[in-house]
Amino acid sequence: MNCKISTCFLILILIISSCAFSGCLDSSSSNNSSNNTNISNTSVTTNNTSATNSSANNTIANSSSVPKKSGPVGLTDAEFQAAVAVTKYSLIFAMDNMSAEYNQSSNTIIIAIIVPDSTDGVVAKALADATLKILNAEVNYYNNSVKLSDTSNYTTNYYGRYHGGLYDECNVAIGVAPISHANDPDYYYVFQYIPAGGHTPISRLR
């Protein structure tokens with residue numbers, strides 16, 4: 001991934017994470033509003049915690065005292081990232097790149113998708129929908145108690161929009177942006193926060 005794409009990803013993820021972690025989106029995230037909202041601060045907090053644990057028990061090496069960040073629905077972070085990788089390569093024909101992170105403190109999955117500038121809004125919307133469903137299926141591979149997506153599921157108010165059990169348990173913030181305007185929400189195709197259990201259909205901005 002070249003520098004330009006990397007920069008676009010960073011900007012898009014920061015924008016989505018600030019939206020997901022702000023108190024305006026759901027009451028459970030208001031406690032996080034006093035924190036800085038970029039993803040890197042999550043690792044800073046984790047490192048500070050591990051440093052405290054290390055000083056309390058000097059017999060444990062620093063490397064072994066670093067807590068393992070867990071993924072959603074009982075997955076390890078490594079398992080979740082493996083599910084993300086398969087999802088990305090399943091859809092690479094339609095996107096330029098993709099990144100997904102799980103923030104444990106807010107129980108939010110943050111998905112940033114970069115697409116070519118020529119992408120039609122209808123395609124971008126379908127891509128966001130497919131990403132949610134494929135990621136859920138890949139998570140099910142590691143935890144088969146997670147329900148698969150189901151186009152005939154009547155348990156939500158949105159017939160045929162059940163994206164799967166992962167989103168019964170986790171909030172999700174998803175953005176789809178053209179590569180040349182990843183830092184400008186005015187150009188986003190999709191920029192949406194869906195609370196756990198909501199299963200709101202993906203909305204197209206343009």
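The values are calculated or read from the model by the stated rules, or taken from the named source; none is laboratory data. Quick caveat, the model's predicted, so the values are computed rather than measured. All Cβ positions, glycine included, derive from the backbone under ideal geometry; neighbour counts span all protein chains shown. Each accessible area value is taken on the protein alone, full model and side chains, heavy atoms only, with ligands, DNA and RNA left out. Shrake-Rupley method; radii C 1.70, N 1.55, O 1.52, S 1.80 Å.
Matching residues to (1) over 13 Å from the mean Cα position of the chain (by Cα); (2) open to solvent by less than 50 Å² (accessible area, probe 1.4 Å):
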| site | (1), (2) |
| --- | --- |
| I111 | no, yes |
| D120 | yes, no |
| Y162 | yes, yes |
| N171 | no, yes |
| I179 | yes, yes |
| Y187 | yes, no |
| R206 | yes, no |
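So P116 clears everything in (1) surrounded by fewer than 16 Cβ atoms within 10 Å (Cβ to Cβ); (2) without any contact (Cβ under 8 Å) to a residue 60 or more places away in the chain except one condition, right? Which one?
(2)
Considering only residues that are closer than 18 Å to K133 by Cβ and touching a strand residue (DSSP E or B) at 6+ places or on another chain (Cβ under 8 Å), which ones fall in segment 196-206? It would help to see each step written out before you state the result.
Filtering segment 196-206 for residues closer than 18 Å to K133 by Cβ gives 196-204.
Scanning segment 196-206 gives A196, H199, T200, I202, S203, R204.
Out of (1) surrounded by 22 or more Cβ atoms within 10 Å (Cβ to Cβ); (2) part of a helix (DSSP H, G or I); (3) in contact with a Leu (Cβ under 8 Å, 6 or more places away or on another chain); (4) not charged (D, E, K, R), the odd one out for A124 is which?
So A124 meets the others, but not (3).
Could you please find all residues in segment 125-150 being among the charged types (D, E, K, R) and touching a residue at least 24 places away in the same chain (Cβ under 8 Å)?
Answer for segment 125-150, where residues must be among the charged types (D, E, K, R) and touching a residue at least 24 places away in the same chain (Cβ under 8 Å): K125, D129, K133, E138.
With closer than 27 Å to P178 by Cα and at pLDDT 95 or above as the only criterion, which of N136, N140 stands out? Give the derivation first.
Values: N140 fails: closer than 27 Å to P178 by Cα.
When all the criteria are applied, what remains is N136.
Can you tell me how many residues within segment 69-100 are at pLDDT below 90, assigned to a strand (DSSP E or B) and open to solvent by 20 Å² or more (accessible area, probe 1.4 Å)?
Matching residues across segment 69-100 total 2.
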